[in-house]
Amino acid sequence: TNLMKHIQILLMTCFLIVPGIMTAIKYSMSSYIISFERDLTPREALVESDILIDCYKMTYFKLMISFVPMILGSILTLGIGFIWSIPYIKACQMQFYYYLTHPEFFVKVDSDELESMTKEKFSFDEFVLEYQEKVENKKTK
């Protein structure tokens, strides 16, 4: 899978830099897909990755760009910073994959809702019950 992914990324980068970046983003989740679904062929994992990240390419790109200062800092420390930055980046990528495959576990809170939650006394049990109701409502829709 990784060989096919890297060959296609290299070919697209030869044409222009932007298509190479787009291809890298498109196939970025294939390693995680293979890890969790071992019965897939490498080609099926690449197609699944393309489908999975389709609407989230810009979000993933912004996530990866946010690591540029960390990578530059790691280079300035003569590579010692990579001991911390690479595991952190991989953990963020894994969390992004988990977000794509299990969106029901991530609660989106409006700023008004957050403000009202902080002003009034808030019980964690009430929050869990409200969240479970929201999940059930999403499942029924």
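The values are calculated or read from the model by the stated rules, or taken from the named source; none is laboratory data. Computed from a predicted structure; not experimentally measured. Every residue, glycine as well, gets a Cβ built from its backbone with ideal geometry; the counts of neighbours run over all protein chains shown. Note: accessible area is taken over every heavy atom of the protein model, side chains too, but ligands, DNA and RNA are not part of it. Shrake-Rupley method; radii C 1.70, N 1.55, O 1.52, S 1.80 Å.
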Seminar exercise, completed: Sole miss for GLN95 among (1) under 18 Å from the mean Cα position of the chain (by Cα); (2) open to solvent by 70 Å² or more (accessible area, probe 1.4 Å); (3) modelled with pLDDT under 90; (4) of a type outside the set (A, V, I, L, M, F, W, C) is condition (3)
Exercise. Only one residue in ASP54, ASP39 is within 19 Å of PRO103 (Cα to Cα), of a type in the set (D, E, K, R) and either in contact with a helix residue (DSSP H, G or I) (Cβ under 6 Å, 6 or more places away or on another chain) or open to solvent by 70 Å² or more (accessible area, probe 1.4 Å) (or both). Which one?
Worked result: ASP54
For this session: Pairs only if they're at least six apart or on different chains, beta carbon under 6 angstrom, first in region 1-27 and within 18 Å of LYS57 (Cα to Cα), second modelled with pLDDT of 80 or more and not in a helix (DSSP H, G or I); list them, first residue then second.
Result: LYS5/TYR27
Exercise. Can you find a residue in region 11-20 that is at pLDDT 80 or above, surrounded by 16 or more Cβ atoms within 10 Å (Cβ to Cβ) and assigned to a helix (DSSP H, G or I)?
Worked result: no
Exercise. Between a first residue in region 124-139 that is under 15 Å from HIS102 (Cα atoms) and a second residue that is at pLDDT 70 or above and surrounded by 10 or more Cβ atoms within 10 Å (Cβ to Cβ), which pairs have beta carbons less than 7 Å apart while being 6 or more apart in sequence or on different chains?
Worked result: VAL135/GLU104; LYS138/GLU104
